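All remarks here apply to the structure that follows.
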Amino acid sequence: MPGFDRQTFPLVPRRRRLVGLPFGDLPSRRRGHGGDVIGSRPYAAGDPVSTIDWFATARLSAVSGRDAFVVRDRSADEAPRVVLLCDRRPAMGIYPSSLPFLEKPCALVEAALSIVASATAARSDVAALDLADGGEPFWLPPGRRDRTWLVGDRFGAAPFTAPDDNVERALTFLGGMRGDLPPGTFVFVLSDFIVAPPATSWVEAVAHGWDVVPVVIQDPVWEQSFPAVGGISLPVSDPRTGRVALVRLTRRQAEARRVANEERLSSLLRELVSFGLDPLVIGASDPHDVDRALVSWAELRRRGRWLR
């Protein structure tokens with residue numbers, strides 16, 4: 001929506017308290033990933049190559065007559081990093097706005113834009129990941145904050161061609177990026193979770209110290225529940241082939257589908273909570289509704305911190 005100012009929400013950490021003022025307003029007293037250089041020290045095993053000060057290394061090596069690497073020590077940024085992991089299965093690419101269903105591609109983009117706007121307001125670096133390119137990771141690493149528009153562009157343009165297990169594979173990929181994603185990083189996973197990753201994926205992501213947030217995007221009528229359409233012929237489309245077939249359900253079959261869908265969502269949310277996660281459900285594509293859902297989620301999390 002051109003000209004629409006997003007209603008941002010605070011990035012409330014679930015467990016970890018930040019040192020000093022939030023969102024990077026003051027330098028941290030901790031060492032870690034950050035933008036402010038506070039000193040130098042000899043290289044230690046495990047230090048990222050990107051932290052090496054090559055000029056200081058060259059000078060010290062020339063003086064000592066041996067290879068002596070020097071790395072820059074930085075103060076940790078207090079604004080957490082933010083990763084958007086997008087499920088690009090074909091089933092996430094339905095439906096067009098001309099049909100009376102949740103337009104999932106639009107809901108996904110609006111959720112991503114809301115998160116990016118909130119991360120930008122918090123002075124956070126934003127990264128994005130999906131497996132739409134033939135199952136190969138498209139990784140936009142955290143970097144300059146004035147290039148966050150690239151995230152929105154990718155989310156709006158990438159095809160919905162990822163394999164069914166793409167969320168599981170994407171979480172595994174992020175596990176190899178821990179040098180760029182320190183503990184406290186927010187990982188927003190945008191999916192309908194009708195094909196959900198295994199429990200081990202969530203357990204490993206939480207073990208990395210990340211603040212993982214499942215954003216469940218489901219149609220409130222046809223996926224979170226199911227209408228009483230017994231005796232009515234419904235057009236059903238295969239998301240991979242685009243073929244449409246008419247399906248006629250009995251009243252009993254429609255009721256059984258409603259019960260199954262509601263239990264599926266309830267079971268999914270219970271499982272996510274059992275891993276220590278705070279999921280939220282989005283059932284609309286209007287940007288105002290999407291923003292309200294995320295703001296409400298942040299407020300509930302803020303209140304919940306007082307009870308922990």
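Projecting label points 7 angstrom from Cα along Cα→Cβ for Val49 and Arg264 puts them 4.5 nm apart.
Of the residues Thr185, Thr51, the one with the largest accessible area comes first in the ranking Thr51, Thr185, computed with a 1.4 Å probe on protein heavy atoms.
Calculated on the alpha-carbon coordinates, the convex hull of the stretch 94-140 measures out at 72 cubic angstrom per residue.
For the chain, the fraction of 1.4 Å probe accessible surface lying on carbon and sulfur atoms is 56 percent. Taking label positions 7 Å along the Cα-Cβ direction at both Arg41 and Leu246, the computed distance is 7.3 nm, reported to one decimal.
Close amide H pairs (under 5 Å, H built 1.01 Å from N) link Val212 with Val187, residues at least 5 positions away or on another chain. For Ala128, the residues whose amide H sits under 5 Å from its own are Leu84, Leu140, ignoring neighbours fewer than 5 places away on the same chain, with H placed 1.01 Å from N. Computed over the chain, the per-residue total of -39500 (n - 2.57) for DSSP H runs of n ≥ 4 gives a 222 nm mean residue ellipticity of -10500 deg cm²/dmol, rounded to 500. Using a cutoff of 8 angstrom between alpha carbon atoms and counting only pairs six or more residues apart, the relative contact order for the stretch 162-218 works out to 46 percent.
Work out how much length Ala157 to Trp139 would gain on full extension: take 0.36 nm times their residue separation and subtract the Cα-Cα distance, in nm to one decimal.
Details: separation 18, 0.36 × 18 = 6.48 nm, distance 1.46 nm.
Stretched out fully, the Ala157 to Trp139 stretch lengthens by 5.0 nm.
A straight chain from Trp149 to Val63 at 0.36 nm per residue would run longer than the Cα-Cα distance by 26.4 nm. Computed over the chain with a Gaussian network model linking Cα atoms closer than 10 Å, the most mobile of Ile115, Ile282, Ile52 is Ile52. With θ taken as phi - 60° and the Karplus curve 6.51 cos²θ - 1.76 cosθ + 1.60 applied, the whole-hertz 3J(HN,Hα) list for the stretch 230-243 is x, x, 10, 7, 10, x, 10, 9, 7, x, 7, 9, x, 5 Hz, x standing for glycine and proline.
The 3J(HN,Hα) values that the Karplus relation (6.51, -1.76, 1.60; θ = phi - 60°) gives for the stretch 54-66 are, in residue order, 5, 5, 5, 4, 5, 5, 5, 5, 5, 6, 7, x, 8 Hz. Gly and Pro appear as x. Each of Ala256, Val236, Ile282 was scored by the projection of its Cα onto the charge dipole of the stretch 230-308, and the greatest displacement toward the positive side belongs to Ala256; charges sit on the C-beta of Lys, Arg, Asp and Glu.
Computed over the chain, relative contact order equals 20 percent, with contacts defined as Cα pairs under 8 Å that lie 6+ residues apart. The candidate values are (i) 131; (ii) 121; (iii) 148; the one derived from this structure for volume of the Cα convex hull per residue in Å³ carries the label (iii). Remark: the stretch 111-119, residue by residue, has Karplus-estimated 3J(HN,Hα) of 5, 4, 5, 5, 5, 5, 4, 6, 5 Hz, where x stands for each Gly or Pro and the curve is 6.51 cos²θ - 1.76 cosθ + 1.60 at θ = phi - 60°. Amide hydrogen proximity for Val71: with H placed 1.01 Å from N in the peptide plane, the residues at 5 or more positions away or on another chain lying under 5 Å are Arg41, Tyr43, Asp53. Within the listed set Arg89, Arg248, Arg257, the Gaussian network model of the chain (springs between alpha-carbon atoms below 10 Å) gives the highest mean-square fluctuation for Arg248.
The values are calculated or read from the model by the stated rules, or taken from the named source; none is laboratory data. Because the structure is predicted, anything quoted here is derived from the model rather than measured. Every residue, glycine as well, gets a Cβ built from its backbone with ideal geometry; the counts of neighbours run over all protein chains shown. Ligands, DNA and RNA are excluded from the accessible area calculation, which covers all protein heavy atoms including side chains. Shrake-Rupley method; radii C 1.70, N 1.55, O 1.52, S 1.80 Å.
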